[in-house]
Amino acid sequence: MPGEWELLGRLALTVVLSAAVGLEREYRQKSAGLRTHTLVGLGAAVFSLAGAYGFAGEADGGSGFPRDPSRVAAQVVTGIGFIGGGLIFVRQDAVRGLTTAAGVWVTAAIGLAAAAGQGELAVAATAAYLGVAFGFPRLTRHLPSPRSAVRVVQVTYLDGRGVLREAIARCTAAGFAVSDITSRRLDAATEEDPGTVTVRLALQGSGSIEALASGLAAVEGVLAVNAEADEAE
């Protein structure tokens, strides 16, 4: 049986690698971010270690190892599906959250690998995830975009200046149709200060999302613009 410090080292490696996955989701402002992914990886590692070394009995001859240490790991793989399923939702016939759910699933696998002493595999899986998360969007930008593809533009602006109306007009002029609008106020409005609003525009069309983002950033009253592919895969 590995020593206590080695087991703690495996948990520490799990926390670092799971946090690396969570930081990518946090950067993209997803519902499951840094804390969720770190806790999922840590929980998977603890379950794995407890299943492998915490329930040894007389049936194993006193060696300290259960007869089937993979049993708990298999249950973790099954159980993590409930968390992933809660991250997937449907809005206007479009499925969203699949990539975040898959990230949670991979994080659990990373935790299991690190807890099993396969640190190289866990590090390689984390590097592969980050390569997919950051590299594939750049690759897909060079692929032909069908008109049915959904793109997302998030605009943060000062309220009360007609920015939303201008933003929708620019989206239409750029060759996009606005399929969904979601807004949230970032601070309380007063008579002197109307406050700041962030609006999320789901777009469909074959226009240039980069050109649209540049045009929206030039609108008076716009504080920030973020454009990305919608997470519907």
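The values are calculated or read from the model by the stated rules, or taken from the named source; none is laboratory data. In this text the structure is predicted, and so the values were computed from the model without any measurement. Because the Cβ atoms are built from the backbone with ideal geometry, glycine has one as well, and the counts that use them run over all protein chains shown.
Of the residues that sit in segment 214-233 and are closer than 18 Å to residue 169 by Cβ and in contact with a Leu (Cβ under 8 Å, 6 or more places away or on another chain), which one is modelled with the lowest pLDDT?
From segment 214-233, those closer than 18 Å to residue 169 by Cβ are 214-222, 225, 227; that's our starting set.
Next, only the ones that are in contact with a Leu (Cβ under 8 Å, 6 or more places away or on another chain) stay: 221-222, 225, 227.
Values: 221: 88, 222: 90, 225: 90, 227: 81.
The extreme case among them is 227.
Would you pick out the residues in segment 13-35 that are at pLDDT below 85 and either at positive phi or among the aliphatic types (A, V, I, L, M) (or both)?
Of everything in segment 13-35, those that are at pLDDT below 85 and either at positive phi or among the aliphatic types (A, V, I, L, M) (or both) turn out to be 29, 32.
Name the residues in segment 25-38 that are surrounded by fewer than 20 Cβ atoms within 10 Å (Cβ to Cβ) and in a helix (DSSP H, G or I), would you?
The answer is 26, 27, 34, 35.
Out of segment 9-26, which residues are over 16 Å from the mean Cα position of the chain (by Cα) and of a type in the set (Lys, Arg)? Full working, then the answer.
Restricting attention to segment 9-26, the residues satisfying the condition of being over 16 Å from the mean Cα position of the chain (by Cα) are 9-16.
Across segment 9-26, the qualifying residue is only 10.
Please verify whether segment 87-99 includes one or more residues that are more than 22 Å from residue 123 (Cα to Cα) and at pLDDT 75 or above.
yes
Among the residues of segment 8-34 satisfying the criterion of being touching a helix residue (DSSP H, G or I) at 6+ places or on another chain (Cβ under 7 Å) and without any contact (Cβ under 8 Å) to a residue 60 or more places away in the chain, which is farthest from residue 118 (Cα to Cα)? Steps first, please.
Residues of segment 8-34 that are touching a helix residue (DSSP H, G or I) at 6+ places or on another chain (Cβ under 7 Å), as a first pass: 10-11, 13-15, 17-26, 30-34.
Among the residues that remain, those that are also without any contact (Cβ under 8 Å) to a residue 60 or more places away in the chain are: 15, 19, 23, 26, 33-34.
Numbers: 15: 15, 19: 18, 23: 22, 26: 26, 33: 25, 34: 23 Å.
Among those that are touching a helix residue (DSSP H, G or I) at 6+ places or on another chain (Cβ under 7 Å) and without any contact (Cβ under 8 Å) to a residue 60 or more places away in the chain, it is 26.
In the set 169, 127, 177, 211, which member is surrounded by fewer than 18 Cβ atoms within 10 Å (Cβ to Cβ), assigned by TED's automatic domain parsing to the domain that holds residue 101, modelled with pLDDT of 80 or more and not acidic (Asp, Glu)? Quick ask: steps written out before the conclusion?
Working: 169 fails: assigned by TED's automatic domain parsing to the domain that holds residue 101; 177 fails: assigned by TED's automatic domain parsing to the domain that holds residue 101; 211 fails: assigned by TED's automatic domain parsing to the domain that holds residue 101.
After applying the criteria, what remains is 127.
Report, by residue number, each residue of segment 44-54 that is among the small types (Gly, Ala, Ser) and either buried (at least 22 other Cβ atoms within 10 Å of the Cβ) or modelled with pLDDT of 90 or more (or both).
First, pick out the residues of segment 44-54 that are among the small types (Gly, Ala, Ser): 44-45, 48, 50-52, 54.
Selection gives 44, 45, 48, 52.
Select from segment 189-208 the residues that are under 15 Å from residue 179 (Cβ atoms) and surrounded by 14 or more Cβ atoms within 10 Å (Cβ to Cβ) and write down the one among them that is modelled with the lowest pLDDT. Give the derivation first.
Filtering segment 189-208 for residues under 15 Å from residue 179 (Cβ atoms) gives 199-207.
The next check asks that each one be surrounded by 14 or more Cβ atoms within 10 Å (Cβ to Cβ); those that pass are 199-205, 207.
On the way: 199: 91, 200: 89, 201: 89, 202: 87, 203: 87, 204: 84, 205: 82, 207: 79.
Of everything passing the filter in segment 189-208, 207 is modelled with the lowest pLDDT.
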